[in-house]
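Contents: one structure, followed by commentary.
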Amino acid sequence: MIKKAVLPVAGLGTRFLPASKSIPKEMVTVVDRPAIEYVVREAVEAGIEQIIFVTHSAKVAIEDYFDHDFELETILKQKQKFDLIKEITDILPPHVSIVSVRQPQPLGLGHAVLCAKSVIGKDDFAVLLPDVLVKDNSEKNDLSQMVSRYTESQAAQIMVEAVPDHLVDQYGIVDVTRTPSVGESIAIQGIIEKPTIGSAPSNLSVVGRYILPVKIMHLLENIPKGTNSEIQLTDAIAMLQQIEAVEAYRMQGQTFDCGSKLGYLKAVLHYGVEHPKLGNDFKQLIQELKL
């Protein structure tokens, strides 16, 4: 089973300036919780028991958020704010641990994953890019489905979603022999980075969720470095595909790119209207705007 997940959070978040100048972009709130919590929850729901943050010295707020704040808990207890105590202690289940490792230089996603090698050890693992929120109300979320498929087939899994044909040049697009059904995995022939419109092999874009065998670490250590000495995960996946099957899993949920300002606003709207306490009032507020 997949029990470890790597979350690369060392990026500077330039797309979210000026807010990310002093606040990690992962800590920007979506309704009443930081974006990173939604990603951690997604991983935990899929059975992950160890979250590995690949981080940067400016991102300690992320680690602090998932740690216990005994002073705050004591004050809330004295004030008999037991509902708030439950909210902050439920952020991370007790059986889930957090480990942080530093990425000394921004040398690509593959390098960030490689920084977690000592913690991963001999275990296969998941990678979740924290800019992307996956909203999935199914009983078994998409990441869980990927884990199940990996356990069954032992083929690396890459989450994909269909995008409009006129937007394929903005994404990494998988090459497949046919379009899989929602919730289905299919072997890929390769990944084409930002193909020109009209030349894309499909309209299935890579989302930012992966289930990978531990051997990917060896491949990351040995692939040729690209521009600015960066190590790219897609290059290692291409090498992996030469020796064994790699599959694309077509997701059933919906994604929000919270690394972009518009994507973040979309997430706030969608999560806001479904919030258990604020949802109805938020819907009424939207209606009052008469857009």
- Query: Once both axes come from the Cα atoms, what is the angle between helix 142-153 and the longest principal axis of the chain, in degrees from 0 to 90, rounded to 10?
  - Reply: 40 degrees
- Task: Starting from the exponent 0.38 and prefactor 2.2 Å, build the expected Rg for the stretch 176-233 from its residue count and divide its actual Cα Rg by it.
- Result: 1.37
- Dimensionless Rg ratio for the stretch 49-174, taking C-alpha atoms and the 2.2 N^0.38 Å reference: 1.35
- Item | Positive-end extreme of charge dipole, the stretch 26-79 - chosen from HIS56, ALA46, THR29 (charges on Cβ) | THR29
- Assuming 0.890 mPa s and 25 °C, estimate D for the stretch 174-291 with Stokes-Einstein, Rh taken as the Kirkwood radius over Cα pairs, in µm²/s. 140 µm²/s
- Query: Which order do peptides 63-75, 238-250 fall in by mean Cβ count within 10 Å, highest first?
  - Reply: 238-250, 63-75
- Query: Where the only charges are on Cβ atoms (+1 Lys, Arg; -1 Asp, Glu), what is the dipole of the chain about its Cα centre, to the nearest 20 debye?
  - Reply: 380 debye
- Query: When the dipole is taken about the Cα centre of the stretch 43-104, and only Lys, Arg (+1) and Asp, Glu (-1) are charged at their Cβ, what size is it in debye, to the nearest 20?
  - Reply: 120 debye
- Message: Rounded to the nearest 20 debye, what is the charge dipole size of the stretch 81-144 about its Cα centre when +1 sits on each Lys and Arg Cβ and -1 on each Asp and Glu Cβ?
- Response: 300 debye
- Under the Kirkwood approximation for Rh and a Cα-based Rg, what ratio Rg/Rh is obtained for the stretch 225-267? 1.16
- List the relative contact order of the stretch 1-142 as a percent without decimals, with contacts defined as Cα pairs under 8 Å and 6+ residues apart. 40 percent
- Provide the three semi-axes, in whole Å and in decreasing order, of the ellipsoid equivalent to the stretch 61-135 as defined by the square roots of 5 times the Cα gyration tensor eigenvalues. 32, 13, 13
- Query: Which number do you get for Rg(Cα) / (2.2 N^0.38 Å) in the stretch 13-67?
  - Reply: 1.17
- Take every Cα pair under 8 Å in the chain that's 6+ residues apart, average their separations, divide by the length, and report that relative contact order as a whole percent. 23 percent
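Read-outs: derived from the displayed coordinates by stated rules, not from any lab. It should be emphasised that the depicted structure is a prediction, and the values quoted were computed from it without experimental measurement. Counting neighbours? That spans all protein chains shown, and the Cβs are built from the backbone with ideal geometry, glycine included.
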